[in-house]
1. Once you charge only the Cβ atoms, +1 for Lys and Arg and -1 for Asp and Glu, what is the size of the charge dipole of the stretch 98-144 about its Cα centre, to the nearest 20 debye?
2. Keeping all protein chains in place and using 1.4 angstrom, which order do M198, M75 fall into by accessible surface area, from largest down?
3. Pulled fully out, how much extra length does the chain show between L542 and R264, if you take 0.36 nm times their separation in residues and subtract their Cα-Cα distance?
4. Leaving out ligands, DNA and RNA but keeping every protein chain, what accessible area does C39 have, in Å² rounded to the nearest 10, with a 1.4 Å probe?
5. How long is the gain from R467 to C39 if the chain were fully straight, where each residue apart is worth 0.36 nm and the alpha carbon distance is subtracted?
6. Taking the full set of protein chains and a 1.4 angstrom probe, give the accessible area of K164 in square angstrom, rounded to the nearest 10.
7. Taking the Cα centre as origin and putting +1 on Lys and Arg beta-carbons and -1 on Asp and Glu beta-carbons, what dipole magnitude results for the stretch 109-200, to the nearest 20 debye?
8. Specify whether the C-alpha gyration tensor of the stretch 100-183 places it in the rounded, prolate or oblate class, a ≥ b ≥ c being the square roots of the eigenvalues: rounded for a/c under 1.5, otherwise prolate if a/b is larger than b/c and oblate if not.
Amino acid sequence: MAAERRARTGGRAARPGRLPWHRSLLVRLLAASITIAVCSVAATAWLAARTTTSALQREQGQVLADDARIYDTLMGYAAAHTDWSAVKPALARLAERTGRHITLTTQDRRPVAVSGPASQDLPPRASALVDPLRADPALLPGVQADGIDPRAVGPYRLPAAERKQLSHLARTLRTCLRGTGFSAGVTEGASGRPSLVMTGDTGIQRKVGEVCGVFALDEPTRTEKRALDRLNALVGGCLKRQGLDPVVVGLGFAPAESVSEPVRRCVDTARREQLAPYVAPPVLLFVASAAGSPAAPGFDLSSANTAKVAGVAALVLVLTLAVTVTVGTRLVRPLRALTDAARHPTQEHLRVPVTTHDEIGHLAAAFNDLSERRERLEEQRKAMVSDVAHELRTPLTTIRGWLEAAQDGLAASDEAFVASLLEEALLLQHIVDDLQHLAQADAGRLRLHAEPLSPRDLLDQVAAAHRGRAETAGVTLTTRIENAPTLYADPARLRQTVGNLLSNAIRHTPAGGTVTLGCRGDGEEIVIEVADTGTGIAAADLPRVFDRFWRADRARGRQTGGSGLGLAIVRQLTEAHGGTVTVTSTPGTETVFTLRLPATPDEALLPR
């Protein structure tokens, strides 16, 4: 099987073809890198999303808290003042605490007050409407269903005397409650009216309150009575216009009995009408960041977030190292096997196992191929040394034998004696010349003197030189030339090449046979063929025809077998001209040696 494989590949081990993309080492490394990158990006994105979301939630909570503080402060100011003329110090304090730029405008966006420079553009939408008579329950907890800020008391604000009187009453009532074992606290509303705050069962509170006369604190003062009379008058006028019965509104600002929705709207409208002269007019509130854009949450990498990022980065680094070590180990293992095999003595010709089908697997296969070719070359070198010794021993033995015979007086030193010695010397010279040609070709020092020449003239010269020998052997020598263009080559070397093939064909063709020397153009090549009807070459021997000192019949003498270097020289000279030589044979029928030379001159052959 190995011989057949070498025969199919010209004596060389088969080389692996192009790798499928999914087995390429580059693709695998790229896949590993992409996997690591995707994991890193995914981990970073997840951490960034979690951290940013948490930070934004905290920042949004802070923003809402700051907005609620700004809104509450400004609503308190509006409930206690009739205009906005003195609000600037309050805006400055709020801006310093929250880091925001605050602007108050009328409802048609005319500036009323600004916390800082007034050169900034207003956001497209207002943050809120500051109107104590229409408060936003979402930003101002504690606001009743009527939407009126409890701090907007207007005419219900108690003077100092009444406030002092009620405070004294509240302390007295608290002392009474404590005497009954019931605890109570005193709070003061926006109007200055004190109230008792009791804890415990509601029924017990009512009984204890009756004992101490707690309900006396709920009686309106003179100032409150005047304000309530004005409120009831406004409510009565609203109800009368709607054809409804009048109702009485107390300090709780709700009718004593359950009322319909129209009555409730009249009460709310009357309250706003009564309080309007005592509060600041409605304004639009614009809250923006210090740079002028609408206030938005920021993100600062806290120490906890920094620790999370560092932890995820460390995890990704560990995973990267693990993947790199795993992939690197798999890659290095066959490389180490190659290194160990390369370090062994050359005579061992080790092979390495091919465990993968990627570039490293191909490298191992190439190494095995190289080792096999080196082993084969070593065998050829040994065989060549043996063949050279054998080829030189025969003529040297003959010359020695004749000389010893002459020395012993057994052979006369006549003309035949000298001719025999000269023939053996010429044979030695021929072998040495052939070896020198091959050595020059192997070393790349074979010099060619190329020039344009006619293939017809070349073949006629070679045929003329061998025609006498062919006639002596009883072989018919013919030439056939078909429209061959001018050839650019070294005429002496090319004559030697074709002459070796022609001499070899005549030698192996029996009497009555035919040897044909042909030439033709084939596209960009010139084809020279030497065909004979001789004994032929077995198919198993065809791959070794051009090996040095090789003979199909090892028992053949030098008279029929030559030195065994002719065909090796043919291949070297042909390749030096940039061409190729091949052979086909049918034993007992025909053998054809084919030279293919480039029609255009090789740059290496051009004169310099």
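The values are calculated or read from the model by the stated rules, or taken from the named source; none is laboratory data. Remember, it's a predicted structure, so these values are computed and weren't measured experimentally. Note: ideal-geometry Cβ built from the backbone for every residue, glycine included; neighbour counts use all protein chains shown. For the accessible areas, the whole protein counts, side chains as well, though only heavy atoms, and no ligand, DNA or RNA atoms are used. Shrake-Rupley method; radii C 1.70, N 1.55, O 1.52, S 1.80 Å.
1. My answer is approximately 40 debye.
2. M198, M75
3. Using 0.36 nm per residue and subtracting the Cα-Cα distance, I get 88.1 nm.
4. 70
5. Extending this stretch completely gives an extra 145.9 nm.
6. In the full protein context, K164 sits at about 150 Å².
7. In total the dipole reaches around 320 debye.
8. prolate
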